[in-house]
Amino acid sequence: FSVESIKDAAPLPLTSLKMDSTLKTALPKINILGPDDAGYDEERMRCWNKDVIHRPAAIVQPTTTEEVSQAVKVASSKKLDLVIACGRHGHDCMKEGAMVLDLGKMTEVTVDKKSMTVTVGGGARLGDMDKVCQQHGVACVTGTNPDTGVVGLSTHGGAGYLSRQYGLAADNFVAAEVVTASGAIVHATPANEHKDLLWAVAGGGSNFGVITALTMKAHPMDHVYGGLVINVAPTVAMATRVVRTWRDWMPTQPRTVSVMCVLPCGAPVVPMAVVESDQALVPQAAGAKASLSCSPALQQAFGSGCGAFGACVSVKMLGRKQYHTELQPQLEAMQAEGHHYMSSVNVPHLTDTMVDALVAAARIDHPGGGEIILFSLTGAVADAKVRALPPPRHARCRAVRVAV
C-alpha cells in the first residue's frame, strides 16, 4: 500500500477559479453547493462547533463510494485543498476556500448478528448507530455525544463508556472501505493485502484516505446501571481529594465499570458520569427494577455515607437505563453545539502534582467557564490481547481533555 499525496503542490485558491462551477461540470451527478447557491450558507453553518465555520469554495455531497472516488480523482488531478466533513466536530470540516467532501448523506448502519459486527457509512453519527444497534441488542465502542461522527471519532482512537471493557473504538476495527488519494477504492481487512492500511486508519484519522464504510466489532448490550453523580466539593482541598481518590479507585475495578470525572471551571462540584455495563449483573428483563446493589463496585463507591470519594455530599442520579436511548444521550444537553475549543493529552500516570495543577486550573486560574474531563484509560484499553490490529500502540494511561 502506498499513499499518493494530493498535496504535492500548494493548493490552488478555489474561490479564484470559481471552483463550484468547475466541480459541477466535472461531477454532474453529485450535489454540489457553491457560495452563490441556495442552501450553501445553511449547510456550512450546520456544525456542532461554531468556531470551525468558514466559507469553503464548494461543498460536495456524494451518496456512494463510487461518487466519493470520482470527487477525490477530480481533487487529486487539480491538486485541490480537500477536507472531509462527517459529524462536523472537526477543526477543518468547513475550511476557508477548500473543497469540502461532505459525507453527511452516507449514514447507513447495518448489523450482522451472526458475525457480531456493525458497519456504518462514512457520514453516520453515534446517534444513527445507537438507534439501529438497539434493535439488535448490541453496541460498539463509541463516544458520549450522539451528534459525533462515528468514523472521525473512531479513527482518532475513540473512547467511551465501554472502553474499559472492550478497548478503544480503534481496537475494534474489522474492515474499512477506503478511497485513497488517487481515487482507488480499497477494502482493507486484517487478513488481506491492505492490512497495513487498516492498521494505519485505526488511529491515523483521515490521513490515509476517505473512509466510506467502517466495520467494527459489536458487543451484547441492552440495559445498564448508571447515570450522573454530582459530588459537592466546595474547597480546592476537597476537590483534590475527590480526584485523587477516584484516580486510585478506578484501575482496581471490574472492566465493566466506568466512571468519568469532570472539573467544571469555577463550580464547587466534581461531577461524574457512572456506568456498570455487566449484562449479567444488571437485570435485563422488561420492566425489571435495579438498585445500586446490583453493582458491588458502584455500591462500594457510592453506597456508603453522604459523600463519595471524600466529597461532603454526593447527589446521585443513578438507575437502570437503556444503554442506547438513556445512557448514551445523557450528556447531550451539556455538550450542546456552540463555540468550543478543545485539547487533550494522554498521560501514563495522573500524579498528585498533575491533579493539583488541574484542580487549580479549574478552580483558581480559569473560573469563568469550560471544563476538564478525566478518563481512566485502564482495563481493556491497555490490554494487548484485545488488539485487533498489531502492534499494540498504547499502554495504561489517563486521558485529560480540556474544553472551553
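The values are calculated or read from the model by the stated rules, or taken from the named source; none is laboratory data. Since the structure is predicted, the reported quantities are computational estimates derived from the model, not experimental observations. As a convention, Cβ positions derive from the backbone with ideal geometry for all residues, glycine included, and neighbour counts pool all protein chains shown. When the accessible area is computed, the model is the full protein with side chains, heavy atoms only, and any ligands, DNA or RNA have been set aside. Shrake-Rupley method; radii C 1.70, N 1.55, O 1.52, S 1.80 Å.
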Problem - Any chance GLY204 is open to solvent by less than 40 Å² (accessible area, probe 1.4 Å), modelled with pLDDT under 95 and farther than 15 Å from VAL120 by Cβ - result: yes
Practice task
Hey, could you check the range 288-338 for residues that are open to solvent by 20 Å² or more (accessible area, probe 1.4 Å), at pLDDT 95 or above and of a type in the set (Ser, Thr, Tyr) and say which is nearest to the chain's Cα centre (by Cα)?
Solution key: THR325
Handout entry: Candidate set from the range 114-156 (those that are of a type in the set (Ser, Thr, Tyr) and open to solvent by 10 Å² or more (accessible area, probe 1.4 Å)); member that is farthest from the chain's Cα centre (by Cα)
Key = SER115
Exercise for the section: Would you check if there is a residue in the range 241-249 being part of a loop (DSSP other than H, G, I, E, B) and modelled with pLDDT of 95 or more? Expected result: no
Completion exercise
When the range 157-174 is checked residue by residue, the ones that are under 20 Å from ASN207 (Cα atoms) and open to solvent by less than 20 Å² (accessible area, probe 1.4 Å) are GLY157, GLY158, ALA169, ALA170, ASP171, ASN172, PHE173
Practice task
Working only within the range 240-262, note down all residues that are surrounded by fewer than 20 Cβ atoms within 10 Å (Cβ to Cβ) and within 25 Å of ILE364 (Cβ to Cβ).
Solution key: ARG241, ARG244, THR245, ASP248
Practice task
Give me a count of the residues in the range 269-282 that are touching a residue at least 12 places away in the same chain (Cβ under 8 Å) and open to solvent by 40 Å² or more (accessible area, probe 1.4 Å).
Solution key: 3
Handout entry: Some residue of the range 175-186 being open to solvent by less than 30 Å² (accessible area, probe 1.4 Å), part of a loop (DSSP other than H, G, I, E, B) and modelled with pLDDT under 95
Key = yes
Completion exercise
Across (1) of a type outside the set (A, V, I, L, M, F, W, C); (2) modelled with pLDDT of 95 or more; (3) at positive phi, PRO268 clears everything bar (3)
Exercise for the section: Could you tell me whether SER344 is over 25 Å from the mean Cα position of the chain (by Cα) and either at positive phi or open to solvent by 70 Å² or more (accessible area, probe 1.4 Å) (or both)? Expected result: no
Handout entry: Qualifying positions in the range 31-90 - free of Cβ contacts under 8 Å to residues at least 24 places away in the same chain and either open to solvent by 30 Å² or more (accessible area, probe 1.4 Å) or of a type in the set (S, T, N, Q) (or both)
Key = PRO35, ASP36, ASP37, ALA38, GLY39, ASP41, GLU42, MET45, SER77
Exercise for the section: Kindly list the number of the only condition in (1) touching a residue at least 24 places away in the same chain (Cβ under 8 Å); (2) more than 17 Å from the chain's Cα centre (by Cα) that fails for HIS187. Expected result: (1)
